[in-house]
Amino acid sequence: MDLRGFFAAHPRAALAFSGGADSSYLLYEGLRYAEELGVYYVKSAFQPEFERRDALRMAEALSARMRVLEADVLACPAVAANPPDRCYHCKKVIMSTIKAAAAADGFELVLDGTNASDDIADRPGFKALGEEGVLSPLRLCGLTKAEIRARSREAGLFTWDKPAYACLATRVKTGQPIDADTLRAVEAGEEALFALGFTDFRVRTAGGRARLEFTAEQLGRAREKMPEIRARLAPYFTAVDEEATERERSI
């Protein structure tokens, strides 16, 4: 089955849209092949503002009408406590928010951008998708991340090379409770690094201290600029580790 066939079988659907490479490509194809596609972006404390801007930019570029919904994920104790399966509980909140809005708009089916390269064994949130009846067309059609990026580039989507960006909650060590102030500090710290020209990194935190991770391609420059980086991050953290460490490139 290809995406044309998927949307022929499911002509009316709602899309859980993040503004990332996967959901942007699914939006592009859904607008081509579906009879009607509802587009829903959920804003929560876990999503940085630039993700909302990217989602709006893509929706605008494709002439899609996008609804922005609000979800208070930290109001869920099982999310705020940050257990190993936090993503499962968070995904339940996010998808239930989208399902309610989609149902009110007349959509019975919700789609998401999980692809064939995603390791579902390592993603507690995927269990929540199944429980909520959410379908993943990219995965069902066997589309890998590499193929999605290649097709997105061919289609002229600006997200074709956008690094994968896990939510802000992933920056907080598992088991350490998550609060809004910590998330704001992480977002501000990462915005500071974006402003310095870095594109693929993480600002992780535990006990108010920041630990920085960069890909191999950017690690050398980060180490050279560490005094400036630490000064930029000082307003948001009690301390910043002296050395940055290497992380795998986001796909």
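What follows is calculated from the coordinates using simple rules that are stated; it is not laboratory data. These numbers come from a predicted model, not from an experiment. Glycine also receives a Cβ, built like all others from the backbone with ideal geometry; neighbour counts cover every protein chain displayed.
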Considering the alpha-carbon set of region 179-246 alone, what are its Rg and its Dmax in angstrom? 10.8, 32
Please report the antiparallel percentage of DSSP beta bridges with both residues in region 179-246, rounded to the nearest 5. 60
Treating the angle as unsigned and between 0 and 90°, give the value, to the nearest 10°, between the Cα long axis of helix 49-61 and the longest Cα principal axis of the chain. 30
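With the Cα gyration tensor of region 92-210 in hand, give its eigenvalues times 5 under a square root as the equivalent ellipsoid semi-axes, listed largest first in whole angstrom.
Whole-Å semi-axes of the equivalent ellipsoid: 28, 22, 14.
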Segment residue 238-residue 100, length gained on full extension (0.36 nm per residue, minus Cα span): 45.6 nm
FRET efficiency for residue 120 and residue 43 from the Cβ-Cβ distance with R0 = 25 Å, rounded to 0.05, comes out at 0.45
Beta bridges per DSSP with both ends in the chain, % antiparallel, nearest 5: 25
Mind checking the dipole of region 179-246: about its Cα centre, +1 per Lys or Arg Cβ, -1 per Asp or Glu Cβ, Debye to the nearest 20? 140
Got a sec? Which residues in region 73-96 would a label at residue 180 touch, if it sits 7 Å along Cα→Cβ and we count backbone N under 12 Å? 73-75
Output for the chain (equivalent-ellipsoid semi-axes, sqrt of 5λ from the C-alpha gyration tensor, Å, descending) is 32, 21, 16
Report the one residue of 103, 199, 178 whose Cα lies farthest in the direction of the positive end of the charge dipole of region 100-251 (charges on C-beta: Lys and Arg +1, Asp and Glu -1; origin at the Cα centre). 199
Along the charge dipole of the chain, Cβ charges K/R +1 and D/E -1, which of 128, 218, 163 sits furthest on the positive end? 218
Of the residues 56, 117, 6, the Cα lying farthest along the dipole of the chain towards its positive end, which is defined by charges on the beta carbon of Lys, Arg, Asp and Glu, belongs to 56
If we count trypsin sites (Lys or Arg not before Pro) as exposed when they sit in a DSSP loop and have at most 14 other beta carbons within 10 Å, what is the longest stretch of the chain that avoids them all? 66-172
Acute angle (nearest 10 degrees) that the helix 86-104 long axis makes with the longest principal axis of the chain, alpha-carbon atoms: 40
What FRET efficiency would be calculated for the residue pair residue 60, residue 170, taking the C-beta separation as r and a Förster radius of 22 Å, to the nearest 0.05? 0.20
For the chain, what does -39500 (n - 2.57) per DSSP helix run (n ≥ 4), summed and divided by total residues, give at 222 nm, in deg cm²/dmol to the nearest 500? -13000 deg cm²/dmol
For the chain, with only Lys/Arg (+1) and Asp/Glu (-1) charged at the beta-carbon, what is the dipole magnitude about the Cα centre, in debye rounded to 20? 140
